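The values are calculated or read from the model by the stated rules, or taken from the named source; none is laboratory data. In this text, all values refer to a predicted model and were calculated from it rather than measured experimentally. Using ideal geometry, Cβ is built from the backbone for each residue, glycine included, and neighbour counts are taken over all protein chains shown. Just so you know, the surface numbers come from the protein's heavy atoms only, side chains and all, with ligands and any DNA or RNA stripped out. Shrake-Rupley method; radii C 1.70, N 1.55, O 1.52, S 1.80 Å.
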Amino acid sequence: MNPEKLQQIEALLHAGHSDTEIHRRTGAARDTVARHRKRLGLPGYRTTADSPACRHGHPFPENRTYDGRGYLICRECRRQHDRKQYLRSYMPAQPDEAAIERAAAGDPPERLTPRERHAAIARLDRQQLSSAVIAERVRCSRRTVHRARAKEVAA
């Protein structure tokens, strides 16, 4: 690696910049920046070099741990992240019935969730419309309609 670029990376690391910010400024790969951070013994992206707490305010020395790849992380932040992922996977949000109705009528909202799109396709499929018509009304591809139908048959 170019010695000037290496000095620039080290200066930015010591200034407390994140790996992504250094990647954007220098053009170096994020893995390269992370390797240099680790070699210098600086804390990971969740903290700054001189911070007694993580970016969410948890006291850092008490919650200090390393993840599977060797990056320094906050244990409490990891717990909260894992809890959110668990809740998302086991407590899915209910689809918006108004969005499904609008999509089935041919005027879908700007963004449908996959669950809402699937429900609108199922509703239109019960009316025995063609894939092209359903795709046009829901504003998706015909392939999406075929996938939704296959899921409906499998379920």
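Brief remarks follow.
- Whichever residue in region 45-83 is at pLDDT 80 or above and among the basic types (K, R) and, among such residues, is nearest to R115 (Cα to Cα): R83
- Within region 52-155, helices (runs of 4 or more DSSP H) holding 2 or more residues that are more than 26 Å from G16 (Cα to Cα): 75-90, 97-105, 114-126, 131-138, 142-154
- Scanning region 13-22 for residues that are at pLDDT below 85 and either of a type in the set (F, W, Y) or more than 22 Å from R79 (Cα to Cα) (or both) turns up L13, H14, A15, G16, H17, D19, T20, E21.
- Within region 121-143, the set of residues being out of contact with any Pro (no Cβ under 7 Å at 6 or more places or on another chain) and under 17 Å from D96 (Cβ atoms) comprises I121, A122, R123, L124, R137, C140.
- Among the residues of region 16-33, the one identified as among the acidic types (D, E) and exposed (fewer than 14 other Cβ atoms within 10 Å of the Cβ) is D31.
- Residues located in region 1-15, provided they are under 21 Å from G70 (Cα atoms), open to solvent by 30 Å² or more (accessible area, probe 1.4 Å) and in contact with a His (Cβ under 9 Å, 6 or more places away or on another chain): E10
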